[in-house]
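All remarks here apply to the structure that follows.
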Amino acid sequence: MEYFRLHEGSIKSAHNNARRHCADFKNQKQSVAYAMTTQTEKAHIEYQNRLLAIVGVVRFLLRQGLAFRGHDESKNSRNKGNFLEMLEWYAQRCKDAADVLFDNAPGNHQMTCHEIQKQLVQACAEKTIEVMMNELGDGQFSLLVDESHDASIKEQMIVILRFLNKQGETLERLLCVEHVVDTTSASLKRSLDKVFATHNLSMSRLRGQG
C-alpha cells in the first residue's frame, strides 16, 4: 500500500492529474467538441423552426394575394403590415415559434427584413413555375398576354399559359409579370422571346394567342 500511495502522490501529482484528465475525456458532455456540436444542433433546429414559421406566413399571404409591407413597421407601430403582424400573431399562439422568432433569434438571423421576404417570395414563385411546367409537360399551349402600368407608371406585361392537363382539364396559369419599356409590338415580342427562353418554351408548341 505504501508503494501505491507513493505512486499516486499528492492531489496535484502527475498521476492524479492524468487520472482526472482521463475521466474528463470519458465524460463527453464536458468536452469542448461535445458542447460545440450540441450548440450547432440546437441552432440548426431553431433555424429550421424559424424558417418553417416564416415560410408558412409567406405562403399564406401569397395564396391570398395580400401585401406584405406596412407603412410603419417600427416596434411601436400599431399596424406593422401583414407579414410582421401575422408573424407576431402566430408567435403569440405557438410557443415553439415564439422561442425562435424576433428578439429570441440572433440579431443577424431574424429573417424578417425586406430582402429576405423578397427572396422567399422569389423561391415560392420559382417552385410554383416548376409545378406549372410539370403540368404542361411537352403539351401544346395558348398564350394570353395583357399589359398595364403599375402605380409607378411602369409598363408591365402579364403572360398567362392556357393548356390541357393530363386529366383533360383546361388550366390557365399566370406565368410571369415582365417590365417592358413600351407597348409596341417589337418590344412585346422581345419580352416574349425572353420569357420563352427562360422557361424553355418553344414557339412550335404555341397554338393560339390573345
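For the range 31-135, the C-alpha radius of gyration sits at 1.24 times the compact-globule guess of 2.2 N^0.38 Å, with N the residue count. Among the listed pairs 118/166; 75/154; 75/127; 154/194; 127/194; 80/118, which are separated by more than 24 Å between their Cα atoms? Over 24 Å Cα-Cα: 118/166; 75/154; 75/127.
So, R0 is 22 Å and r is the distance between the beta-carbons of residue 95 and residue 60; what FRET efficiency does that work out to, to 0.05? Efficiency, from the Cβ-Cβ distance: 0.65.
Taking each residue as 0.36 nm, the span from residue 182 to residue 130 lengthens on full extension beyond its C-alpha to C-alpha distance by 15.8 nm. Over the range 128-210, the pair-distance histogram of Cα-Cα distances with 5 Å bins from zero comes to 3, 14, 26, 25, 16, 10, 5, 2, 0 percent, rounded to whole numbers.
With 0.36 nm allotted per residue and the present C-alpha distance subtracted, the residue 197-residue 140 stretch has 18.9 nm of extension available.
Summarising the label geometry, the points placed 7 Å from Cα in the beta-carbon direction at residue 41 and residue 103 lie 3.0 nm from one another. Label separation (residue 67 vs residue 154): 1.7 nm, computed from points 7 Å beyond Cα along the C-beta direction.
Here, each number is a calculation from the coordinates, and none is a lab measurement. Predicted model only: the values in this text are computed from it and were never measured. Every residue, glycine as well, gets a Cβ built from its backbone with ideal geometry; the counts of neighbours run over all protein chains shown.
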